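Student: The structure follows.
The values are calculated or read from the model by the stated rules, or taken from the named source; none is laboratory data. Bear in mind the structure is a predicted one, so any value in this text is a computation, not a measurement. Reconstructed Cβ throughout: ideal geometry from the backbone, glycine too, with neighbour counts over all protein chains shown. These area figures cover heavy atoms from the full protein model, side chains too; ligands, DNA and RNA do not enter into them. Shrake-Rupley method; radii C 1.70, N 1.55, O 1.52, S 1.80 Å.
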Amino acid sequence: MTRIEDRIEELRAEIDGIIDARVARIASESPGVPAGVIRNLLTARAPSCRCAQYIELCSAETNSPD
């Protein structure tokens, strides 16, 4: 059985990958804007928790495109 801490770390890594992919897509459409700035803008609504960041990104995506 997987410890909850291990599952949390796996989820965080998966969410980071999703956010990184979104950052890369937006960065390719916005030359000159640093990836760190884009990431901060995407995650600013839920800065302390990757799970909350994921939920916020998904809900924002269904409501409107980036």
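Student: Using a 1.4 Å probe over the heavy atoms of the protein chains, calculate the carbon and sulfur portion of the accessible area of the chain as a whole percent.
Tutor: Here carbon and sulfur together make up 56 percent of the probe-accessible area.
Student: How far, in nm, would the chain grow between Ser30 and Ser59 when pulled straight, counting 0.36 nm per residue and subtracting the alpha carbon separation?
Tutor: That pair, Ser30 and Ser59, stretches by 8.2 nm at full extension.
Student: Test of understanding: express the Cα radius of gyration of the chain as a ratio to 2.2 N^0.38 Å, with N the residue count.
Tutor: Relative to the rule-of-thumb radius for its length, the chain sits at 1.21.
Student: How many nm separate the modelled label positions at Glu10 and Ala52, each set 7 Å beyond the Cα in the direction of the Cβ?
Tutor: The answer from the label model is 2.5 nm.
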